[in-house]
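Asker: My questions will all concern the structure given below.
Laboratory data are not the source of any read-out in this text; all were calculated from the coordinates shown. Please read all numbers here as calculations on a predicted model, not as lab measurements. Positions of Cβ are backbone-derived with ideal geometry, glycine not excepted, and every protein chain shown enters the neighbour counts.
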Amino acid sequence: MSINSEVIGAIRKYALKNAVDYGKAHEGAVLNKVISLYPEHKSDIKLLAREVAKIVAEVNSLEKGAMQSEYSKYASEFESEQRIKLEKTAKPNMELEGAAAGGFVTRYPPAPNGYMHIGHAKAVFLESKFAEKYSGKLFLYFDDTNPEKDKQEFVDKFHDVLKWLRIKFDEEYYASDYMDKIYDCARVLLLNGDAYACKCTAEKIKEDRFNKRECEHRYADPSSNAKEFGEMLNGRYGENEIIIRFKGDMSADNTALRDPTLLRVKDAAHYRQGKKYRVWPTYDLNTPIMDSIHGVTDVLRSKEFELRDDLGKIILEKLNLRVPRIHSFSRLVIKDNITHKRELNALIKEGNIKGFDDPRLVTIVALRKRGITPDAIRNFVLKLGMTKTDGIVSIDALLAENKKIIDPASKHLFFVSDPVKVTVKGADPADVKIRLHPSKDFGFREYSVSDTFFIAKDDAQSMNEEETIRLKDLMDIKIASKKSEAITSYKSEGSSRNKVIQWVPAANYTECTVLIPENPVDDKGQFNHDSLKTVKGYAEDYVNKLNEHEIIQFERFGYCILDKKEQKEFIFTQK
């Protein structure tokens, strides 16, 4: 297929757009955009990629003035395109092409081999939103066909966090419960000549696929292929001795079509099925089949699966099964964080992080532990919508959504880190009542105070002798003298209030620890070993009345969640 002038014009237009937006055009971004506009060119993606590379190089070589001048011809078009995109992708106006009210069914398909993270949450909240919008159904589908990695532990964790996120499902099912149906479909493919048994080594298969070279087993008789499949099921072959491959197109530029693996032997016991099965399907076979037989009309998934879209469609067509619509969105990447299971498992094994619920992470269990609310996660991911534009998002955007929710609901208390004693001469014993929230009617905390208090070391070091400060909601004091471990001051009446600081009474305080999580990856992409800090200090005694997992605000310090009540250990949520 040749590339016509319309496509060449589009390549240049989007190369200019990319260069103006980012200072330099990037081939991958331009190629993805052009493929989305002209999907028919997937069949000759190498030719398209060469043309994109050539035009991107030309655009990047332009002087800035010339680039802006040429881009100005398209500026109004891009502004209109962006406006329409925002209207269609932003909450609550998102739309799915082809979807209709009353006839919409989608699914959330976790593989139970790890912990749910915020990228998974984006998918399930979008699916839930569209099921609501189109008066449709949302299914929970566990894609559990890897007995070596799938575990009940992970199923239970998905159930737990999905309940916490308040996601409701109309039905739940497991791929491993449909193995006989999948085997039947495999036999149809084999007998129709659309699949074959392959005994090549993994290295040879990899090499052949890279070189677009057909396998020697590809043209075996369909009946003999079906017989080999039966022998696989009967236990004749061990692991890595034989696989069933789909007869795709070994010359395709789309690598997913180069005779992918459909079934393989796995001898490990399955967490749900035990030793009942030993031949297990891959995602490419079982997921399209499961979607079709369960009546799924619309599949939502991140665009990293786009190369597999054609494969799933072809397999279902070969099986005479209904093909659902597929809608792609950009993968959610949180800046300076980690979601890949392999990396997380390595960091846990090395002792660098405590587990999947380490508060530095963006797994849902970690965000929950840190004090991020379900509504904040929901609002954050829905604002990203169905856009396919790649981007790395700062966790600050999530924290901003969280603050809107926890700020009006959090009690206000005082906490002083690295405490320093203050003795106030002239301060008489008194009973004080301080509001638990400046504007909400949450009641009061009450203390008997005398002339001795604790303040934070940072505040103590910033004071000067003869300076007047305010102990918040209590009294003004004037600094008389500073020593290494204590400050002497006088009660001051009617003085100016240059500083307002927190305090705790010497007779009513509780020792506390606050863990402060930061991004676990530094700006060089390396693990930040100093990303979990510990701050010790005193909090007012009211903390003993808090419930475990309650979120409060330590004034001038930040929002914190009580993680361990007995140990009085808090986790810093955010400023």
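Asker: Quick one: grab the alpha carbon gyration tensor of region 235-297, order the square roots of its eigenvalues as a ≥ b ≥ c, and give me rounded if a/c is under 1.5, else prolate or oblate depending on whether a/b is larger than b/c. Display every interim value, and only then the final one.
Answerer: Details: a/c = 3.19, a/b = 1.24, b/c = 2.57.
Judged from the Cα gyration tensor, region 235-297 comes out oblate (a/c at least 1.5, b/c at or above a/b).
Asker: Under the 0.36 nm per residue contour assumption, what length would be gained going from the current alpha-carbon distance of SER223 and ASP451 to full extension? Could the numbers behind the result be given before it?
Answerer: Working: separation 228, 0.36 × 228 = 82.08 nm, distance 9.40 nm.
Computed gain between SER223 and ASP451 is 72.7 nm.
Asker: Once you keep just the Cα pairs under 8 angstrom separated by 6 or more residues, what percentage relative contact order results for region 5-73? If you can, show how the numbers build up before the last one.
Answerer: On the way: 57 pairs, mean separation 27.9, N = 69.
It rounds to 40 percent for region 5-73.
Asker: Could you tell me which chymotrypsin sites (Phe, Trp or Tyr not before Pro) in region 361-446 are loop residues by DSSP with no more than 16 other beta carbons within 10 angstrom of their beta carbon?
Answerer: Working: sites: PHE380, PHE414, PHE415, PHE442, PHE444; in loops: PHE414, PHE442.
Loop-located and lightly packed - PHE442.
Asker: At 222 nm, what value in deg cm²/dmol follows for the chain if DSSP H runs of at least 4 each add -39500 (n - 2.57) and the sum is divided by all its residues, to the nearest 500? Let's see the in-between values first.
Answerer: Values: 17 runs with 202 residues, N = 575.
The helix contribution divided over the chain gives -11000 deg cm²/dmol.
Asker: Would you grab the residues whose amide H sits under 5 Å from the one on ASP249? Only those 5+ places off in sequence or on another chain, please, with H modelled 1.01 Å from N.
Answerer: ARG258, ASP259
Asker: May I pose another question? Be a star and scan region 231-250 for residues whose amide nitrogen sits under 19 Å from the point 7 Å along the Cα-to-Cβ vector of ASN320.
Answerer: none
Asker: Follow-up question, since we're still on this one. At 20 °C and a viscosity of 1.002 mPa s, what translational diffusion coefficient does Stokes-Einstein give for the chain, taking Rh as the Kirkwood radius over Cα pairs? Give it in µm²/s as a whole number. Please list the in-between numbers first.
Answerer: Numbers: Rh = 28.3 Å.
The calculation lands on 76 µm²/s.
Asker: If I model a spin label at ARG187 and LYS483 as a point 7 Å from the Cα along the Cα→Cβ vector, what separation in nanometres do I get?
Answerer: Result for the modelled spin labels: 9.1 nm.
Asker: With a point put 7 Å past each Cα toward its Cβ, work out how far GLU58 is from LYS341 in nm, to one decimal.
Answerer: It works out to 4.6 nm between the two label points.
Asker: Name the long-range amide H neighbours of VAL279: under 5 Å, sequence gap of 5 or more, or other chain; modelled H, no Pro or chain starts.
Answerer: LYS266
Asker: Pull out the extension gain between ARG213 and ASP530, defined as 0.36 nm times the separation in residues minus the alpha carbon to alpha carbon distance; nm, one decimal. Write down the numbers at each step before the final one.
Answerer: Values: separation 317, 0.36 × 317 = 114.12 nm, distance 4.98 nm.
So the extension gain works out to 109.1 nm.
Asker: Then there's this: Straight-line reach only, C-alpha to C-alpha below 18 angstrom: list the lysines that LYS206 could link to, leaving out same-chain residues fewer than 8 apart.
Answerer: Of all the lysines, those that pass the test against LYS206 - Cα under 18 Å, at least 8 places apart if same chain - are LYS247.
Asker: Using Cα pairs under 8 angstrom and six or more residues apart, how large is the relative contact order of the chain, in percent?
Answerer: Normalised by residue count, the contact order of the chain is 10 percent.
Asker: What full-extension length gain, to one decimal in nm, is calculated for GLU493 and HIS26 as 0.36 nm per residue of separation minus the Cα-Cα distance? Could you put the intermediate results ahead of the total?
Answerer: Working: separation 467, 0.36 × 467 = 168.12 nm, distance 6.59 nm.
Additional length available on full extension: 161.5 nm.
Asker: Tell me the relative contact order for region 230-303 as a rounded percent, counting alpha carbon contacts under 8 Å between residues six or more apart. Before the final figure, lay out the partial values.
Answerer: Details: 79 pairs, mean separation 18.3, N = 74.
Averaging sequence separation for qualifying contacts and normalising by length gives 25 percent for region 230-303.
Asker: ALA507 versus ILE293, label points 7 Å from Cα toward the beta carbon: distance in nm?
Answerer: That separation, rounded to one decimal, is 7.4 nm.
Asker: OK, next. In what order do VAL155, VAL124 fall by count of nearby beta-carbon atoms within 10 Å, going from fewest to most? Please report the intermediate quantities before stating the final value.
Answerer: Working: VAL155 17, VAL124 26.
Lowest to highest Cβ neighbour count: VAL155, VAL124.
Asker: Follow-up. Whole-Hz ³J(HN,Hα) for each residue in region 520-536, computed from phi via Karplus 6.51 cos²θ - 1.76 cosθ + 1.60 with θ = phi - 60°, x for glycine and proline: what do you get?
Answerer: x, 10, 7, 5, 9, x, 9, 5, 8, 5, 10, 8, 10, 9, 10, 10, 10
Asker: Along each of its three principal axes, how wide is the spread of alpha-carbon positions in region 139-289, in whole angstrom units, largest first?
Answerer: The Cα atoms of region 139-289 stretch 51, 36, 27 Å along the principal axes, largest first.
Asker: Let me ask something else. Convert each backbone phi in region 199-205 into a coupling constant with the Karplus relation 6.51 cos²θ - 1.76 cosθ + 1.60 (shift: θ = phi - 60°), then list the ³J(HN,Hα) values in order as whole Hz, x for Gly and Pro.
Answerer: Going residue by residue, I get 10, 5, 6, 4, 5, 5, 4 Hz, with x marking Gly and Pro.
Asker: Based on alpha-carbon atoms only, what is the radius of gyration of region 314-363 relative to the globular estimate 2.2 N^0.38 Å?
Answerer: Working: Rg = 18.4 Å, N = 50, 2.2 N^0.38 = 9.7 Å.
Against the empirical 2.2 N^0.38 Å value, I get 1.89 for region 314-363.
Asker: Output wanted: per-residue J couplings in Hz (rounded whole) for region 541-555, from phi through Karplus 6.51 cos²θ - 1.76 cosθ + 1.60, θ = phi - 60°, x for Gly and Pro.
Answerer: Values per residue, Gly and Pro as x: 4, 4, 4, 5, 8, 6, 8, 4, 6, 6, 9, 10, 10, 7, 4 Hz.
Asker: Moving on to the next point. Of LYS151/LYS276; LYS137/LYS168; LYS199/LYS227; LYS151/LYS318, which pairs sit farther than 21 Å apart, going by alpha carbon to alpha carbon? Write down the numbers at each step before the final one.
Answerer: Values: LYS151/LYS276 16 Å; LYS137/LYS168 10 Å; LYS199/LYS227 14 Å; LYS151/LYS318 32 Å.
Result: LYS151/LYS318 exceed 21 Å.
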